[in-house]
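The structure under discussion appears below in the form of structure tokens.
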Amino acid sequence: MRFALSTAGLATVALAGTATGATVNWSHGLDRWAGEHSWEVHDSNMVTVASMAIVSGYITYGGAASVTASTSYPSTSSHFADFAGTMNLAAGTYHVAMHDSYGDGWAWGSYVGGLAIGSGSATCSGSYASFSFTVVPAPGAMALLGLAGLAARRRRRD
């Protein structure tokens, strides 16, 4: 008996190889001095996979799949803005390094800004803070991987 992959089966096997990550939500609350904020997300090999920085006066979010501003720059508040979005990350554990270039943290008046990515979050009360989070494949991705494994196993028997 011979085993042949149909176009749909081939697509399933191809998808299974890349479907080992997930879309992760993130949110970032900036204090009045947003130009002092920056952060990086590092994978287990310490490669930067996402970041936030001020570049030429503009807030930039590298590695983000989507970015939205939920507050638009209040002028009389200690709160600058809230940004949120998604990023697509492979399965694994990530480390987040948060920085405040002035060293007074992400706080102004009664407002305290913070960062949340996936299952982790923190506030920055000085010049540096950090946290870690883990990305697990979505259940659908695991099902695709299982189907690919079954297809490969069946092919070896024939």
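Numbers below:
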| read-out | value |
| --- | --- |
| Among 106, 63, 39 the positive-end extreme of the charge dipole of region 23-136 (Cβ point charges) | 63 |
| Around residue 112: net Lys/Arg minus Asp/Glu count, Cβ-Cβ under 13 Å | -3 |
| At R0 = 35 Å, FRET efficiency that the Cβ-Cβ distance of residue 102 and residue 43 yields, to 0.05 | 0.80 |
| For region 23-136, average projected area of the Cα convex hull in nm² | 6.6 |
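Bear in mind that the values in this text are calculations on the coordinates, not laboratory data. Please read these numbers as outputs of a predicted model, since none were measured by experiment. Cβ: placed from backbone, ideal geometry, glycine included. Neighbour counts: every protein chain shown.
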